[in-house]
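Student: Below are the structure tokens for one structure; questions will follow.
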Amino acid sequence: MLRFIENDEQEPAAQSGKISASDTELLDAYSRTVVQVANDVSDAVVQIKVKKPKSQNQSRRRRRGRGFGAGSGFIISSDGFVVTNSHVVSGAERIEVVLQDGRELVAQLIGDDPATDIAVVQINAENLSYIQFADSDQLQVGQVAIAIGNPYGFQYSLTAGVVSALGRTLRSESGRLIDDVIQTDAALNPGNSGGPLVDSRGRVIGVNTAVILPAQGICFAVTSNLAAYVVGKLIMDGKVRRGYIGIAGQHMRFNPRVVKRFQLPVRSGIMVQSIEADGPAYNSELKTGDIIIGFGTKPVDSIDDLHRFLDESTIGQSVQLTVLRNRRMEKVNVIPVELV
């Protein structure tokens, strides 16, 4: 028997299992936002096609079952600069960019940075659509995140979700950690690598770079602020400059008694295993067996910390390291050179 409910005795939507009018309005607003972003951004999202040495092409065809399409990218300026992933274009003999209007253009590699998995290529074309970077420092967990790509020659694909975590770290193919990575549940696939992660206003908040295959719905993007910094360096210099001090080290965890005795700000450090004595960096004050625990005024807890501190500003500059040597805390100086 059907039971009709009068207006004054309507059941709450949560109890009845039905979607209320207000919920419908919210869903419609969400849909309108995603549709608007797709309309605004899609023309700036491109397919990146690369030709690599035969051995790489053959293995790629075996994995994918087709011989074209390596990833996605997005245009950031009217003069044709395109951002993508370093792993998409690294080692390519030829790079082509396919626009949404069907134009296929040969691209020039401007520079790539494996340490952050960011690369820039440039095309020569008119009437280009482009998108801008947002300030990723303003991101909040839970806000809308929309991933757009142009995989394998199909028309652009779009997935929507939310920012599920901030401040993650992700190890790049070069072995370095990428700091301050966005985690999102906006689904990705390998063909979407290099495409933009955008907010509800169509601004780039990240560059899609990785998906954790054994997990479901865990995807990562390099933050827009880091990407914008790297992109600027690549356009100006063709690379991102980093310091190098010519040592090999091993992560070492301290006994709690050592931490307490020396009142250390860290619970581990880097034990120097070997020193490049005849290298270009000044490191003669270091000794094998030293344990590095400080870089200038910053504590060093891991090799990743040291990599992060050896940035462009340290090249050619004297830097004071804090080390544990023979059960004593000492200060030594190094002068990093540019990593090549």
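Student: Which ³J(HN,Hα) values, rounded to whole Hz and listed in residue order, are derived for region 198-205 from phi using the Karplus coefficients 6.51, -1.76 and 1.60 in 6.51 cos²θ - 1.76 cosθ + 1.60 with θ = phi - 60°, glycine and proline given as x?
Tutor: Karplus values, whole Hz, x for Gly and Pro: 10, 8, 5, 9, x, 9, 6, 9.
Student: Provide Leu264, Leu166, Leu321, Leu197 in ascending order of the number of other Cβ atoms located within 10 Å of each residue's Cβ, fewest first. Mind showing how you got there, number by number?
Tutor: Numbers: Leu264 19, Leu166 15, Leu321 23, Leu197 29.
So the ranking, lowest neighbour count to highest, is Leu166, Leu264, Leu321, Leu197.
Student: Right, next: I'd like to know which of Ser284, Pro265, Ile303 lies farthest towards the positive end of the charge dipole of region 243-338, counting +1 on Cβ of Lys and Arg and -1 on Cβ of Asp and Glu.
Tutor: Result: Pro265, furthest along the dipole toward the positive end.
Student: Could you check the simple spin-label distance between Gln317 and Asp79, using points 7 Å along Cα→Cβ, in nm with one decimal?
Tutor: The two pseudo-label positions are separated by 2.9 nm.
Student: Okay, next question. What residues qualify as long-range amide H neighbours of Val162, i.e. H under 5 Å apart, gap of 5 or more or another chain, H built at 1.01 Å from N?
Tutor: Distant-sequence amide H within range of Val162: Ala145, Asp185, Ala186.
Student: Related question: Can you work out ³J(HN,Hα) from phi for every residue in region 303-310, in order, using Karplus 6.51 cos²θ - 1.76 cosθ + 1.60 and θ = phi - 60°, giving whole Hz and x for Gly and Pro?
Tutor: Here the 3J(HN,Hα) series is 4, 4, 4, 4, 4, 5, 6, 7 Hz.
Student: Along the Cα→Cβ direction, 7 angstrom out, place labels at Gln140 and Glu173. What is the inter-label distance in nm?
Tutor: Label-label distance for Gln140 and Glu173, simple model: 3.7 nm.
Student: Rounded to the nearest 0.05, what FRET efficiency do Ser200 and Arg327 give with R0 = 45 Å and r taken as the Cβ-Cβ distance? Could you check? Walk me through the numbers on the way to the answer.
Tutor: Working: r = 57 Å, r/R0 = 1.26.
That gives a FRET efficiency of 0.20.
Student: Along the principal axes of its C-alpha atoms, what lengths does region 243-338 span, in descending order and rounded to whole Å?
Tutor: Extents along the principal axes: 37, 23, 19 Å.
Student: Treat every Asp and Glu Cβ in region 39-237 as -1 and every Lys and Arg Cβ as +1, leave all other atoms uncharged, and give the resulting dipole magnitude about the Cα centre to the nearest 20 debye. Intermediate values should be presented prior to the final figure.
Tutor: Numbers: 18 positive and 19 negative charges, 223 e Å.
For this selection, approximately 1080 debye.
Student: Answer rounded, prolate or oblate for region 86-178, using the Cα gyration tensor with square roots of eigenvalues a ≥ b ≥ c: rounded when a/c is under 1.5, else prolate when a/b is larger than b/c, else oblate.
Tutor: Values: a/c = 2.06, a/b = 1.30, b/c = 1.58.
Oblate, because a/c is 1.5 or more while a/b does not exceed b/c.
Student: Would you mind calculating the relative contact order of region 39-237 from Cα pairs under 8 angstrom and at least 6 residues apart, reporting the percent as a whole number? Display every interim value, and only then the final one.
Tutor: On the way: 541 pairs, mean separation 44.4, N = 199.
After rounding, I find 22 percent.
Student: Ok, one more. Please label the shape of region 39-237 as rounded, prolate or oblate, based on the square roots a ≥ b ≥ c of the eigenvalues of the alpha-carbon gyration tensor (a/c under 1.5 means rounded; beyond that, a/b larger than b/c means prolate, else oblate).
Tutor: Values: a/c = 1.38, a/b = 1.21, b/c = 1.14.
Rounded.
Student: Provide the FRET efficiency to the nearest 0.05 for the Val258-Ala165 pair, computing r from the beta carbons and using R0 = 25 Å.
Tutor: Details: r = 33 Å, r/R0 = 1.33.
That pair, Val258 with Ala165, gives E of 0.15.
Read the figures in this text as sums done on the coordinates, not as results from a lab. What you see is a predicted model; the values in this text were computed from it and never measured. Please note: Cβ atoms are built from the backbone with ideal geometry, for glycine as well, and neighbour counts cover all protein chains shown.
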